[in-house]
């Protein structure tokens, strides 16, 4: 059944050529068709020709069987092994990379911790220095203020003394002055009256 | 001579190289046997030599071997699960054998062993035989649940079982005929178009000019045939995986 279309396909163009072509070609294709026909009659369509079926089955069994065994015993374990080694290696490398990354992260964290510590320490030192300077300044100011106050008190006391002595003298001076004025105006002066008048005026 | 050149069937003829008649059978070493040996030698040598350096970083050739390994392994794992991996050597051998046989057939004057129905049928029966033997060995009569899908009404069971049985029995036929017919038809078509080029070229300048069309066709078909050579090996392997899945998980 498969033979017929194959031959139809083959012979149809050949006869078409024969009609269109020159005589020798026509003869040739004719001969060819005949030869093919002969071959067909003799052997049949090769794939359906059972003569060599046993031979093909035997040799297929031998070759495919050996091929199967060779692949199963040698090639496939080898390729499988190659792929496994590579997978292991990649997994191992990834593990190493992850571990190294962890190490790096830890180092970064430690560095940052140290940096923060140093910063805190420097802040503390600066604060201490500031505090100490402030305390010293305060103490000094207190000393200065105390001494100033003492001097102020001294000065006020002296002023008071001076003032008191000055005020004590004022009466005598006023009497003297009044007596002198009276003598030059009146010629005589009653000292006790002048003193009483001065005292009167001052109070 | 001209007949030989243009006869598209000639390439499928089997010629005995070493006659080995045993009993009533002809077990001769033929050109078909020769190309079976060639297929096995080429495939084995390629896989063996390309992986001999066991490079951690694969060379190009090693990459091809590894890619085919992982390609088939993933295909089998996807369709039959991890339980199917015990059939990996079988599926890989079938794929490589069919692929290399198809590709070797693309060389001019080379014999295409997969263009013979008996070869593809034997390979298909190997698959179906494995499915049946493993199915009964693993699940006993439970393997027959393959023919009774879950959740169908009782009245429909006989009909569905009949359909399932027919579909199961047609598997080796469809599996073998698909590969065989593709290779056969492809090579015949290629030969016919190439034959046009040859016969048109004998017809003078006009014929030579006219032969450009079938030549272009033959070139395009060659490309297509390389695709078909790979595709049919792939299809054969995929269907093998799916049938093996039935043997491993017969309960649908």
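The values are calculated or read from the model by the stated rules, or taken from the named source; none is laboratory data. Everything numeric here is computed off the predicted structure, so don't read it as measured data. We place every Cβ from the backbone using ideal geometry, glycine too, and count neighbours over all the protein chains shown.
Among the candidates B:107, B:136, B:147, single out the residue that is without any contact (Cβ under 8 Å) to a residue 60 or more places away in the chain and under 30 Å from residue B:221 (Cα atoms).
Being without any contact (Cβ under 8 Å) to a residue 60 or more places away in the chain and under 30 Å from residue B:221 (Cα atoms) holds for just one of B:107, B:136, B:147, which is B:107.
Kindly indicate whether any position in the stretch A:71-80 is part of a helix (DSSP H, G or I), in contact with a strand residue (DSSP E or B) (Cβ under 8 Å, 6 or more places away or on another chain), at pLDDT 90 or above and within 11 Å of chain B (Cβ to nearest Cβ). Talk me through it step by step, then tell me what you get.
Taking the stretch A:71-80 first, the residues part of a helix (DSSP H, G or I) are A:71-80.
Restricting the remaining residues to those that are in contact with a strand residue (DSSP E or B) (Cβ under 8 Å, 6 or more places away or on another chain) gives none.
Within the stretch A:71-80, none of the residues are part of a helix (DSSP H, G or I), in contact with a strand residue (DSSP E or B) (Cβ under 8 Å, 6 or more places away or on another chain), at pLDDT 90 or above and within 11 Å of chain B (Cβ to nearest Cβ).
Quick check on my filter: what residues within the stretch B:129-160 are over 22 Å from residue B:90 (Cβ atoms) and buried (at least 16 other Cβ atoms within 10 Å of the Cβ)?
Selection gives B:147 alone.
Residue A:17 - would you say it is surrounded by fewer than 16 Cβ atoms within 10 Å (Cβ to Cβ), at pLDDT below 95, part of a helix (DSSP H, G or I) and at the interface with chain B (Cβ under 10 Å from one of its Cβ atoms)?
Answer is no for this residue.
If residue B:34 satisfies every condition in (1) at the interface with another protein chain (Cβ under 10 Å from one of its Cβ atoms); (2) in contact with a strand residue (DSSP E or B) (Cβ under 8 Å, 6 or more places away or on another chain); (3) at pLDDT below 90 but one, which is the exception?
(3)
Going by the conditions given, is residue B:41 within 7 Å of chain A (Cβ to nearest Cβ) and without any contact (Cβ under 8 Å) to a residue 12 or more places away in the chain?
Values: within 7 Å of chain A (Cβ to nearest Cβ): no; without any contact (Cβ under 8 Å) to a residue 12 or more places away in the chain: yes.
It is false that residue B:41 is within 7 Å of chain A (Cβ to nearest Cβ) and without any contact (Cβ under 8 Å) to a residue 12 or more places away in the chain.
Among B:237, B:220, which is over 18 Å from the mean Cα position of the chain (by Cα) and either at pLDDT 90 or above or closer than 23 Å to residue B:106 by Cβ (or both)?
Numbers: B:237 fails: over 18 Å from the mean Cα position of the chain (by Cα).
Step by step, each of B:237, B:220 is checked, and only B:220 is over 18 Å from the mean Cα position of the chain (by Cα) and either at pLDDT 90 or above or closer than 23 Å to residue B:106 by Cβ (or both).
With respect to residue A:89, is the statement that it is part of a helix (DSSP H, G or I) and either surrounded by fewer than 10 Cβ atoms within 10 Å (Cβ to Cβ) or more than 8 Å from every other protein chain (Cβ to nearest Cβ) (or both) true? Show your work before the answer.
On the way: part of a helix (DSSP H, G or I): yes; either surrounded by fewer than 10 Cβ atoms within 10 Å (Cβ to Cβ) or more than 8 Å from every other protein chain (Cβ to nearest Cβ) (or both): no.
No.
Tell me, which helices (runs of 4 or more DSSP H) lie completely within the stretch B:1-117 with 2 or more residues that are crowded, with 22+ Cβ neighbours inside 10 Å?
Once the helices (runs of 4 or more DSSP H) in the stretch B:1-117 are filtered for at least 2 residues that are crowded, with 22+ Cβ neighbours inside 10 Å, what remains is B:31-50, B:60-80, B:88-104.
Within the stretch B:119-160, which residues are touching a helix residue (DSSP H, G or I) at 6+ places or on another chain (Cβ under 6 Å), modelled with pLDDT under 90 and part of a helix (DSSP H, G or I)?
Within the stretch B:119-160, B:143, B:146, B:147 meet the criteria.
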